[in-house]
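Below: one structure, written as structure tokens.
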Number of protein chains: 2
Amino acid sequence: MDTEQTRRPTLDTVARAVGVSRATVSNAYNRPNQLSAGLRTRILEVADRLGYLGPDPVARSLATRKSAAVAFMLRSGLSSAFSDPALTIMLDALAATVDGRDHALVLLAGNESGGPRPDSVARAQADVVVAYSLPDTAPALTAVRQRRLPMVVVDQPATGGAARVELDDFGGTQAAGRYLTELGHRDFGVISLTLQPDGRNGPAAPERRTGSPFRVTRERLSGYIDALTAVGIAPEGVPVWEAATSDREHGRTAARWLLQQNPRPTALLCMSDELALGALQGARDVGLSVPQDVSVVGFDDTPPAGVADPPLTTVRQPLVEKGRLAGELALTLLDGGRPSRPVRLDVELVVRASSAAPIR
Amino acid sequence: MDTEQTRRPTLDTVARAVGVSRATVSNAYNRPNQLSAGLRTRILEVADRLGYLGPDPVARSLATRKSAAVAFMLRSGLSSAFSDPALTIMLDALAATVDGRDHALVLLAGNESGGPRPDSVARAQADVVVAYSLPDTAPALTAVRQRRLPMVVVDQPATGGAARVELDDFGGTQAAGRYLTELGHRDFGVISLTLQPDGRNGPAAPERRTGSPFRVTRERLSGYIDALTAVGIAPEGVPVWEAATSDREHGRTAARWLLQQNPRPTALLCMSDELALGALQGARDVGLSVPQDVSVVGFDDTPPAGVADPPLTTVRQPLVEKGRLAGELALTLLDGGRPSRPVRLDVELVVRASSAAPIR
DNA sequence: GGACTGTACTGAAGCGCTTCAGTAGAGTCC
DNA sequence: GGACTCTACTGAAGCGCTTCAGTACAGTCC
């Protein structure tokens with residue numbers, strides 16, 4: 001007898017209590033115009049009295065094949081969503097766009113392989129997924145495709161009908177590189193984002209630099225290299241440090257190593273502001289001053305770049321715009337819209353005090 | 001005929017193809033030891049060939065009543081999770097703790113009422129929920145209780161068996177206030193976090209200051225007031241500005257108004273670093289310098305506080321520890337553990353250059 | 001060689017909901 | 001007053017999976 005008390009009420013409980021069919025109770029919640037206002041009120045009252053909270057989300061999802069959530073696939077741990085400024089700003093804009101759509105945001109953590117495990121994708125309850133800067137080879141991408149979930153990809157090549165927003169990464173680093181060569185720099189060091197999805201951290205031999213599955217890394221590297229070869233610098237001679245993650249600690253380590261090379265670089269080309277900010281510290285560690293002894297350029301133009309000491313010369317990318325666009329594309333797909341042509345965003349070189357002509 | 005081709009394969013499809021029962025296919029995925037290794041391999045092969053991705057997450061959730069997700073209830077929009085430094089740092093630590101548990105993180109956006117709408121809570125697919133600094137009266141809390149989901153609350157009173165982690169907010173602001181009175185300050189202005197859940201922004205009359213449903217605001221205000229009354233200052237005479245959200249823009253506006261009051265405060269007591277950072281700018285706006293003309297203290301000790309100009313005197317709270325603890329409590333509840341006694345974290349006054357004795 | 005024990009697998013009953021094709025009955029129309 | 005249309009509601013078939021109580025059968029034991 002008492003078991004009815006302890007079990008959570010369901011549609012059925014309410015239907016029985018009111019003396020109508022289950023379908024009618026369902027309609028009371030989902031299609032108010034399918035029943036008389038009076039009955040509806042009565043149903044809702046009884047439901048309330050019984051402590052029934054409305055249709056169970058999971059059961060509803062099963063029946064409707066919708067889950068009212070947007071999934072976001074991260075390249076690494078959940079934590080990166082809250083600690084990497086470039087990602088945070090983008091997610092912020094994405095969230096703000098998707099907000100008010102009554103969809104929750106599901107964050108899918110990635111691991112070393114670059115992106116979430118396929119089974120956590122298979123398991124995720126979402127109607128649309130946004131992938132951000134995963135390696136082209138990420139198993140997670142295949143999993144999404146197999147589930148036939150609509151997807152928008154950011155900063156990576158589109159695969160099989162995904163909507164895409166991307167950046168002129170190449171143009172950005174090329175501009176930064178050219179700016180430095182024009183200042184007269186000839187000895188460079190590169191602090192790179194991950195080149196290969198094996199979590200390595202350290203100097204990257206030339207073999208490792210080609211065919212990176214990370215579009216962003218690939219493009220940014222090509223842009224820098226392009227600018228250097230344009231003035232006759234041989235790419236193989238340029239030392240590259242590959243940072244396992246984009247944070248200051250890795251940038252610092254990288255800079256310390258690069259500034260020990262011979263010839264010592266007079267300019268450090270970084271692939272993110274966080275790395276560049278770390279490089280600033282690294283230079284200080286080895287007793288060099290920026291920009292007198294060494295110039296440092298970053299990428300992203302996140303807020304810390306502007307207030308760094310010295311303020312960072314960097315390539316500005318429209319992070320907010322990127323997030324907003326990704327959000328809008330996700331909403332379009334959610335409504336059954338077809339993915340439009342890839343959207344490409346422009347970048348802009350922002351010159352500040354961390355760069356100067358080399359001392360002859 | 002062809003419809004079989006276009007429909008997504010299910011457990012049944014695979015079972016039929018292999019010629020075994022559905023239960024056996026289910027076992028192949030969930031309880032490998034319940035069938036022979038050979039059969040299992042065969043099933044997995046066929047599944048793979050058919051493009052079957054493994055049990056559908058929603059159906060599985062319905063059958064098991066588990067969803068492999070942790071929900072986080074935000075007081076305001078999704079976006080605050082990525083833009084408020086104090087929140088970001090805590091979430092980062094929480095995420096890092098929960099990570100590797102194969103649970104996704106579901107972010108539930110709040111609205112003006114303070115926290116998510118009850119129906120979005122009712123709809124959320126999660127096994128445990130973490131509530132952060134919601135008003136005591138938040139409908140979302142009731143909804144969680146009705147769903148009988150385990151909950152851990154952070155920075156708010158526990159209700160009905162929730163696990164809790166909280167801060168010595170009172171002690172923190174009391175210490176900050178006392179420090180300033182000891183320096184000789186007697187004229188104060190307070191920049192407060194939201195007092196009442198109606199989204200108001202502006203000067204807060206004394207009626208509005210009592211009985212705030214926000215524990216954090218309540219405690220921090222009491223701490224400040226306590227320190228002031230201790231030296232004979234009447235609380236009603238202290239101007240308080242209530243900021244609708246904790247960001248710099250609001251802090252700036254608040255400071256401009258407070259510094260126009262008569263007598264002009266010689267110290268601004270802020271309830272967050274973001275507000276204090278804005279107050280720094282606000283003081284500058286009206287031609288006052290910090291700390292010569294006016295002292296400013298914050299709360300949180302987020303990274304920007306340390307690098308502000310001038311660096312901010314503030315109350316440090318262990319944000320990382322807070323997030324980590326919340327994560328661990330969530331994991332405990334997830335495993336069916338009972339909530340332990342509330343955990344209370346200590347704070348510490350960090351004196352930097354934004355505060356000084358008033359000029360006589 | 002009969003009783004017992006595993007092992008490997010199956011059938012069927014849910015999990016809680018949505019939705020579609022109806023049906024009953026009241027109202028409208030000429 | 002018969003044909004038609006609405007409105008308000010119901011019955012039942014899923015959605016795709018897990019799980020529990022079996023069953024069948026081979027192996028072990030004395």
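Of A:Pro291, A:Val190, A:Pro263, which is farthest along the charge dipole of the range A:190-308 in the positive direction, counting Lys and Arg as +1 and Asp and Glu as -1 at C-beta? The listed residue farthest towards the positive side: A:Pro263.
Across identical copies of the chain, A:Ala357 has label-point separations of 5.2 nm, listed in ascending order, with the point defined 7 angstrom from Cα along Cα→Cβ. Positive end of the dipole of chain B, charges at C-beta (+1 Lys, Arg; -1 Asp, Glu), about the Cα centre: which of B:Gln34, B:Leu275, B:Leu107 has its Cα farthest in that direction? Checked the options; the winner is B:Gln34. Global size of the range B:128-179: 13.5, 46 Å for Rg and Dmax (C-alpha atoms, Rg to one decimal, Dmax whole). Here is the P(r) of chain B: all C-alpha pair distances, binned every 20 Å from 0, give 28, 43, 19, 10, 1 in whole percents. Think of the protein assembly as shown as a dipole: +1 on every Lys or Arg Cβ, -1 on every Asp or Glu Cβ, centred on the Cα centre; then among B:Ala138, A:Ser83, A:Ala356, B:Ala138 lies furthest on the positive end. Treating the beta-carbon of each Lys and Arg as +1 and of each Asp and Glu as -1, no other charges, what is the dipole magnitude of the range B:169-317 about its Cα centre, to the nearest 20 debye? Roughly 180 debye for the range B:169-317.
If I take every Cα pair under 8 Å that is 6 or more residues apart in the range B:49-184, average their sequence separation and divide by the length, what percent do I get for the relative contact order? Worked out over the range B:49-184, it gives 22 percent.
Restricting attention to the range B:169-317, close to 10% of DSSP beta bridges with both partner residues there are antiparallel. Of the beta bridges in chain B, as assigned by DSSP with both residues counted there, near 15 percent are antiparallel. Taking a point 7 Å out from Cα toward Cβ as the label site, list the nm distances between B:Arg338 and the same residue in every other copy, smallest first. Output for B:Arg338: 6.1 nm, nearest copy listed first. For the range A:148-298, the Kirkwood hydrodynamic radius comes to 15.6 Å, computed from all pairs of different C-alpha atoms. Close amide H pairs (under 5 Å, H built 1.01 Å from N) link B:Leu345 with B:Glu166, B:Leu167, B:Asp168, residues at least 5 positions away or on another chain.
A viscosity of 1.567 mPa s and a temperature of 4 °C, combined with the Kirkwood radius over C-alpha pairs in the Stokes-Einstein formula, give the range A:3-64 a diffusion coefficient of 110 µm²/s.
Each residue of the range B:210-224 was assigned a 3J(HN,Hα) from its phi angle through the Karplus curve 6.51 cos²θ - 1.76 cosθ + 1.60 (θ = phi - 60°); the sequence is 9, x, 5, x, 9, 4, 4, 4, 4, 5, 5, 5, 4, x, 4 Hz, with glycine and proline shown as x.
If one puts a single equal scatterer on every Cα of the protein assembly as shown and applies the Debye formula without solvent, what log₁₀ I(q)/I(0) results at q = 0.07, 0.09, 0.11 Å⁻¹? For the protein assembly as shown at q = 0.07, 0.09, 0.11 Å⁻¹, log10 I(q)/I(0) is -0.57, -0.91, -1.23. Picking from B:Pro135, B:Pro213, B:Pro263, which is most flexible by a Gaussian network model of chain B using Cα springs under 10 Å? The residue that fluctuates most here is B:Pro263. Note on B:Val216: accessible area approximately 10 square angstrom, rounded to 10, probe 1.4 Å, nucleic acids and ligands left out.
With all protein chains kept in place, the per residue accessible area of the protein assembly as shown amounts to 41 square angstrom at a probe of 1.4 angstrom.
Considering only alpha-carbon pairs that sit under 8 angstrom and 6 or more positions apart, the relative contact order computed for chain A is 16 percent. Springs between Cα atoms under 10 Å define the GNM used for chain A, and in it the highest mean-square fluctuation of A:Ala140, A:Ala305, A:Ala59 occurs at A:Ala59. Within the straight-line cut-off of under 21 Å between alpha carbons, the lysines reachable from A:Lys66 are B:Lys66, sequence neighbours fewer than 8 places apart in one chain being disregarded. What separates the B:Gly38 label point from its copies, with the point 7 Å along Cα to Cβ, is 6.9 nm, written shortest first. With all protein chains in place and ligands, DNA and RNA left out, the 1.4 Å accessible area ranks B:Lys66, A:Lys322 as B:Lys66, A:Lys322, largest first.
Quick one: pull the percent of accessible area on the range B:3-64 belonging to carbon and sulfur, 1.4 Å probe, ligands and nucleic acids left out. Heavy-atom surface of the range B:3-64 belonging to carbon and sulfur, 1.4 Å probe: 47 percent.
Among A:Asp12, A:Asp99, A:Asp247, the residue with the largest mean-square fluctuation in a Gaussian network model of chain A, with springs joining Cα atoms closer than 10 Å, is A:Asp12.
The values are calculated or read from the model by the stated rules, or taken from the named source; none is laboratory data. Predicted, not measured: the structure shown is a model, and the values here were computed from it. Methodologically, a virtual Cβ is constructed for each residue, glycine included, from the backbone with ideal geometry; neighbour enumeration extends over all protein chains shown. When the accessible area is computed, the model is the full protein with side chains, heavy atoms only, and any ligands, DNA or RNA have been set aside. Shrake-Rupley method; radii C 1.70, N 1.55, O 1.52, S 1.80 Å.
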